[in-house]
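A.B. asks: One structure coming up, written as structure tokens, with questions to follow.
Where a number appears in this text, it was derived from the coordinates with a stated rule and is not lab data. Quick caveat: nothing in here was measured; it's all calculated off a predicted structure. Reconstructed Cβ throughout: ideal geometry from the backbone, glycine too, with neighbour counts over all protein chains shown.
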Amino acid sequence: MNIHKIPYSETGYFSKIICDYLEKKESITSFYHRSAEIESFKAQIKEKKSFTAENRQILVKTLQNQYKSIKISQKTAENIDLLEKDSTFTITTGHQLNLFTGPLYFLYKIIHTITLSQKLKSHYPEQDFVPVYWMATEDHDFDEINYFNLNGKKFRWNRTDITDNNKGAVGELFTEGLDAVHEQFCAEIGSTRIAKKLCNLFSESYLEHKNLTEATRYLANELFAEYGLVIIDANAAALKRNFIPFMERELKEQISFKTVEKTTEKLEKSGYSIQVSPREINLFYLKDGLRERIIERDGAFFVHDTQMEFSQEEILKELQNYPERFSPNVIMRPLYQEVILPNLCYIGGGGELAYWLELKDYFEAVQVPFPILMLRNSALIMTEKQFDKAKKMDLEIADLFQDNNDLVNRRIRKISNIDIDFSPQKEHLINQFEEMYTIAEKTDVTFLGAVKAQEVKQLKGLDHLEKRLLKAQKRKLGDEVKRLTALQLELFPRENLQERINNFSEFYIEYGEKLIPQLMESLDPLNEDFSVIVFE
């Protein structure tokens, strides 16, 4: 296995705010608490010691109850038990309940969480570190999670009962209708031993579990149980009861809106785009297939698009009696996570970290420790055959990340037997016109405009000839262009990163059980570069 590293800023696929965060630019440092370095965890551990024994007991009891229906590894069981100890901390990532994991980066997130936990144990042997996958069971956008891509095809879970007016938490959705997806998937991947294993994994996950939460827990556990991954469904009354004081303050004071709005203004002044904007109240009401915004008007509280209305006294009573009916949105979910977990670090993608960077002042206002933020590992998997093709075309790995048109033009210029660069001719023309300007200034200054117009016209003419010549050479070297474009499309489906489009099964079919261990070995949780992994 060969591993190549590329700075994120040179890939062209990551935002300014994330590149600046990785480079620790002064313009971004005030928006996070501690840098993502292993030495930073010493202070973070000390700060998170405030997590109470009572909260640990509630967490462990909830997890044990959630795992009752599935077989777990000894390592996972030990990790759950360890969470009762005040010397144990979590490293957390979160992800939607995408069908059959969705895009490939689902694996990268969890692998990063596991390998960082292992590194921290080596560096801080007196503490224990538990990798946690936070299932986004309370999300309600079914269209974002109901498909996965394999071999250029989309495998979609079609449900006629999901409408814009009937969108509750996706974790509660029954898995009916997935037998059709299972049949299509199994037909697509064939009948090899590995294909049958994947086909059975889909069946055991989705056809033998009643809802999407249980199915996703089973699937993630099957893929990562041996590494001690702990999977949490935070949509639990006992956990939400611990969050009541923060939700109550949200309803009374709208503190998240007031603090995050100020932070987003500062981010914009620093030249960054805003990932999410806070609402006046950043809570949903969750009940019986419903997850809708809570809105306050003139002291009364309404559930959007329903007839439900509460006085302040009534909604606070509802919160005390039924905390499970209140669901944090994207602004409050990170706070909920840090309140119920003894967490040190959150590992997320670029979009996730962008909205976490809006939240530090909010955390400080409610006196909850802000976690260390880490950009999840990103990678491009190449076969040896693809790598050899790139070498034969005299391409560097970084070249493949360029825009296709730019890459093709550069390649044609490089291999053409004629010089397509008219820069010398343009320079010669400019020098000639310098003499014309001198003559015009000595004779009639009104002639300068005509000279300038002629210069622009002739330079444009050379540009036009250069483009025509390049186009002609592309036709002449058409096979080279096709090979280059085909390779790039293999590696960057839909002109996007492979990890954002392809499902893990596409690679599992090729590499089988060694896929995850080799990714574990290849992806360094403390390295802040994009990885290109050439699999044997």
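A.B. asks: Sorted from fewest to most neighbouring beta carbons within 10 Å, what does the list Tyr285, Tyr67 look like? Don't skip to the answer; put the middle values down first.
C.D. replies: Details: Tyr285 22, Tyr67 17.
Neighbour counts put them in this order, fewest first: Tyr67, Tyr285.
A.B. asks: I've got another one for you. Rounded to whole Å and sorted largest first, list the principal axis extents of the Cα atoms in region 241-344.
C.D. replies: Here the Cα extents, ordered largest to smallest, are 42, 35, 25 Å.
A.B. asks: Compute the acute angle (0 to 90°) between the alpha-carbon long axis of helix 423-443 and the principal axis of greatest extent of the alpha-carbon atoms of the chain; round to the nearest 10°.
C.D. replies: Tilt relative to the chain: about 60 degrees.
A.B. asks: Can you give the FRET efficiency to the nearest 0.05 for Asp288 and Lys16, using r as the Cβ-Cβ distance and R₀ = 60 Å? Walk me through the numbers on the way to the answer.
C.D. replies: Numbers: r = 43 Å, r/R0 = 0.71.
After rounding, the FRET efficiency stands at 0.90.
A.B. asks: Could you compute Rg(Cα) / (2.2 N^0.38 Å) for region 77-217, with N its residue count?
C.D. replies: Values: Rg = 17.7 Å, N = 141, 2.2 N^0.38 = 14.4 Å.
Region 77-217 yields a ratio of 1.22.
A.B. asks: Please tell me which of these pairs span more than 31 angstrom C-alpha to C-alpha: Lys210/Lys240; Lys167/Lys197; Lys25/Lys46; Lys5/Lys196? Write out the running numbers ahead of the final one.
C.D. replies: Working: Lys210/Lys240 23 Å; Lys167/Lys197 33 Å; Lys25/Lys46 26 Å; Lys5/Lys196 34 Å.
Where the Cα-Cα span goes over 31 Å, the pairs concerned are Lys167/Lys197; Lys5/Lys196.
A.B. asks: While we're on this one: Could you pull the Rg and Dmax for the chain, using just the Cα atoms, both in Å?
C.D. replies: 28.0, 96
A.B. asks: Length gain on complete extension for the stretch Asp406 to Met436, per 0.36 nm per residue less the alpha carbon to alpha carbon distance?
C.D. replies: Between Asp406 and Met436, full extension yields an extra 7.3 nm.
A.B. asks: Now for a separate question. At a Cα cut-off below 14 Å, give the aspartates and glutamates reachable from Lys389, other chains included and same-chain residues fewer than 8 away excluded.
C.D. replies: List returned: Asp399, Asp479, Glu480, Glu490.
A.B. asks: Subtracting the Cα-Cα distance from 0.36 nm times the residue separation, let me have the gained length for Ser311 to Lys46 in nm, one decimal.
C.D. replies: Numbers: separation 265, 0.36 × 265 = 95.40 nm, distance 4.15 nm.
Fully extending the segment from Ser311 to Lys46 adds 91.2 nm.
A.B. asks: Just want the ordering: Ser378, Ser203, from fewest to most Cβ atoms lying within 10 Å of their own Cβ. Spell out each step's value before the answer.
C.D. replies: Working: Ser378 25, Ser203 15.
Ranking Ser378, Ser203 by Cβ neighbours within 10 Å, fewest first, gives Ser203, Ser378.
A.B. asks: What is the calculated FRET efficiency for Gln454 to Lys269, with r their C-beta to C-beta distance and R₀ = 41 Å, to the nearest 0.05?
C.D. replies: Numbers: r = 46 Å, r/R0 = 1.12.
It comes out at approximately 0.35.
A.B. asks: Okay, next question. Net charge near Met135: determine it from the other residues with C-beta under 13 Å of the C-beta of Met135, scoring Lys and Arg +1 and Asp and Glu -1.
C.D. replies: Neighbour charge sum, excluding Met135 itself: -2.
A.B. asks: Now a separate question. Quick one: angle between helix 448-476 and the longest Cα principal axis of the chain, in degrees between 0 and 90, rounded to 10, please.
C.D. replies: 70 degrees
A.B. asks: Let me ask something else. Could you derive backbone 3J(HN,Hα) for region 479-486 from the dihedral phi with the Karplus parameters 6.51, -1.76 and 1.60 (θ = phi - 60°), listing whole Hz in sequence and x where the residue is Gly or Pro?
C.D. replies: Once θ is set to phi - 60°, the couplings for region 479-486 become 4, 5, 4, 4, 5, 5, 5, 4 Hz.
A.B. asks: Tell me which lysines have Cα within less than 18 Å of Lys42's Cα, excluding those fewer than 8 residues away on the same chain?
C.D. replies: Lys85, Lys119, Lys121
A.B. asks: Would you compute, from DSSP H runs of 4+ residues alone, the mean residue ellipticity of the chain at 222 nm, taking -39500 (n - 2.57) per run and dividing by the full residue count, rounded to the nearest 500? Could the numbers behind the result be given before it?
C.D. replies: Numbers: 23 runs with 259 residues, N = 536.
Computed ellipticity for the chain at 222 nm equals -14500 deg cm²/dmol.
A.B. asks: Let me ask something else about it. Taking neighbour Cβ counts within 10 Å as the exposure measure, how do His95, His182 sort from fewest upward? Walk me through the intermediate numbers first.
C.D. replies: Values: His95 23, His182 18.
The most exposed by this proxy come first: His182, His95.
A.B. asks: Output the 0 to 90 degree angle, nearest 10, between the alpha-carbon long axis of helix 53-66 and the longest principal axis computed from the alpha carbons of the chain.
C.D. replies: Here the helix axis deviates by roughly 80 degrees.
A.B. asks: Right, next: On a full-extension model of 0.36 nm per residue, what is the gain between Glu253 and Lys153, subtracting their alpha-carbon distance, rounded to one decimal in nm? Walk me through the numbers before you get to the answer.
C.D. replies: Values: separation 100, 0.36 × 100 = 36.00 nm, distance 4.82 nm.
Going from the current span to full extension adds 31.2 nm.
A.B. asks: Oh, and also: Net charge near Ala169, counting Lys/Arg +1 and Asp/Glu -1 over other residues with Cβ under 12 Å of its Cβ?
C.D. replies: On the way: positive: Lys167, Lys287, Arg291, Arg325; negative: Glu138, Asp139, Asp141, Glu172, Asp233, Asp288, Glu292, Glu324.
Taking every Cβ under 12 Å from that of Ala169, the sum is -4.
A.B. asks: Under 12 Å from the Cα of Lys317, which aspartates and glutamates turn up, not counting those fewer than eight places away in the same chain?
C.D. replies: Cross-link targets: Glu248.
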